[in-house]
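Heads up: the structure comes next, in structure tokens.
The values are calculated or read from the model by the stated rules, or taken from the named source; none is laboratory data. Computed from a prediction, not measured in an experiment: that's the story for all the values here. As a convention, Cβ positions derive from the backbone with ideal geometry for all residues, glycine included, and neighbour counts pool all protein chains shown.
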Amino acid sequence: MEFLGKAKVQNANQQDGKVPLYEKFAFASGDVACNFVFGFTGSLLTLFYTDYVGISVAVVGLIMLISRIFDGGSDIVFACIVDKVHSKHGKARPWVLWMSIPFGITYILLFTVPVEATAVMKAVYVFVTYNLCTTVVYTALNLPYGSLSSLITRNTRQREILQAFRMGLSPIGRILVTAVSLPIVEAFGNDRSAWVKVSFVFASIAVALLLFCFFGTKERVNFDHIEAKQKEKKSNKKSFIVMFKNRYWWLCFGFWGVMVLTSTVNSTILGYYCKYILGNQIYVSQIYTAEQIAMIVCILFITPAVVKFVGKRNTTMFGMFLVIIAQLILLTNPTSVGLITVLSVVKGIGYGPLWGCVFAMLADACEFGQWKFHYRNDTFLFSAGSIGSKIGGGAAAGMVGMILAAAGYKGTLAVQTQSSLDAIYWVYIFLPIALAIVQVVFCLLYKLDKMLPMITEELKEREARGEM
């Protein structure tokens, strides 16, 4: 294998230079593709398994909860593997290429549950295909992709813009699968075969986007000189130790976990809320699209401007306050589709800063780790996002499933019990408030914004001397 230095390595000025516009779109397209899986597994997959396949909601919740525990462990395994692999295409980019086709195939397999299988065989099939898609393929794709921004540029401002593009455009994937799927499924017959057809279309689009990401990006930042110096002492054990000592890794892990927990709870329970509280599941498209479009606008246009003046932490904290206010207003008329739609726009603006800043925070945590411990391992540090998202997503799916099961929900019933309806209401209204408060606490602990300029300058001086 060739080292990154023989790939797309540029000089120091290019490492800090402006990233071309087309490359920002190419970089973001990778996460749009990833969100075809993230959107489905985080919103509609539970509904598909319970109401179309006929699997118990408790079984689905348990499968997803156990699977996400395995999934979190797979991040550690792949972090070790990715860290050892270098190719002529770079360190992170080749994984986007290698995993593109397997990503599309395993995505379709999620929906090809055998029609005539027993309940046990259906559960086994779901467990195997879900883990193949998310635990293996998605991890091998998303973990190295997550560290790509730190290899595209060393410029903090350019990284923030890259991540703004990423998190601003990535909701497109979630919007497509969440807002468009149900109307298309109904048009195709509203049965299990209709879901397979929809998954094939989305899988094809996802593969094309991943290839665009691979061919449209460059890894300009070269840490070969650093890796050569720490080669003798570099080990997975030390990488773990340094990662766990990095307090900003833990904060980013917390941000990510709660962020995805919130997103998955909101999108999962929305389908049930629209179907049973509002009376029509088609409202999912209107409500979810309103929130996601508002989030995109906020991430792309509002967040970068505000962050420039008040920093990532303060911008994120203000957004969480908006979410809390919106949820409290919703209590005045929780069955008004119009009010819910308007407040979804407010919530989208509130969630936007965190989604727009969290990856830039991870990149900053890498700089802090090198500055503090004289040791660098971006793949391990970026696992905070991947592990946090998987644990958060799994916890959300398991939590929603178990709450509904405890309340007596059964997907085969045309009319749900009052206890089931109450559970859906409480999860949709009050759980986001509690999770937003947790994020505010994390924001108060984040102090890196003011330290970063000093850290960056000192690292440049060290590296100019050939030091860590």
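Structure summary
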quantity: Lone qualifier among 263, 285, 267 - being closer than 23 Å to residue 446 by Cβ, surrounded by 17 or more Cβ atoms within 10 Å (Cβ to Cβ), modelled with pLDDT under 95 and of a type in the set (Ser, Thr, Tyr); calculated: 263
quantity: Hits in segment 62-71 - residues which are over 16 Å from residue 122 (Cβ atoms) and surrounded by 20 or more Cβ atoms within 10 Å (Cβ to Cβ); calculated: 68, 71
quantity: Residue, farthest from the chain's Cα centre (by Cα), within segment 380-405, restricted to residues that are under 15 Å from residue 68 (Cα atoms) and of a type in the set (Val, Ile, Thr); calculated: 400
quantity: Search result, residues across segment 62-119 that are within 24 Å of residue 405 (Cα to Cα) and of a type in the set (Ser, Thr, Tyr); calculated: 67, 118
quantity: Of the criteria (1) at pLDDT 85 or above; (2) surrounded by fewer than 22 Cβ atoms within 10 Å (Cβ to Cβ), which one residue 29 fails; calculated: (2)
quantity: Residue count, segment 206-246 (criterion: under 22 Å from the mean Cα position of the chain (by Cα), surrounded by 15 or more Cβ atoms within 10 Å (Cβ to Cβ) and either in a helix (DSSP H, G or I) or modelled with pLDDT under 90 (or both)); calculated: 10
quantity: Pick from segment 34-61, criterion in a helix (DSSP H, G or I), touching a Lys or Arg at 6+ places or on another chain (Cβ under 7 Å) and at pLDDT 85 or above, ranking: surrounded by the most Cβ atoms within 10 Å (Cβ to Cβ); calculated: 35
quantity: Subset of segment 83-123 that is under 24 Å from residue 208 (Cβ atoms) and modelled with pLDDT under 90 - its residue that is surrounded by the fewest Cβ atoms within 10 Å (Cβ to Cβ); calculated: 88
quantity: Subset tally (residues that are closer than 25 Å to residue 364 by Cβ and within 20 Å of the chain's Cα centre (by Cα)) for segment 153-184; calculated: 13
quantity: Enumeration of residues in segment 10-25 that are surrounded by fewer than 20 Cβ atoms within 10 Å (Cβ to Cβ) and either touching a Phe, Trp or Tyr at 6+ places or on another chain (Cβ under 9 Å) or modelled with pLDDT of 80 or more (or both); calculated: 18, 20, 21, 22, 23, 25
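Listed here are the residues, each with its yes/no results for (1) surrounded by fewer than 24 Cβ atoms within 10 Å (Cβ to Cβ); (2) under 28 Å from residue 327 (Cβ atoms); (3) without any contact (Cβ under 8 Å) to a residue 12 or more places away in the chain.
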position: 359; (1), (2), (3): no, yes, no
position: 364; (1), (2), (3): no, no, no
position: 389; (1), (2), (3): no, yes, no
position: 416; (1), (2), (3): yes, yes, no
position: 430; (1), (2), (3): yes, yes, no
position: 450; (1), (2), (3): yes, no, no
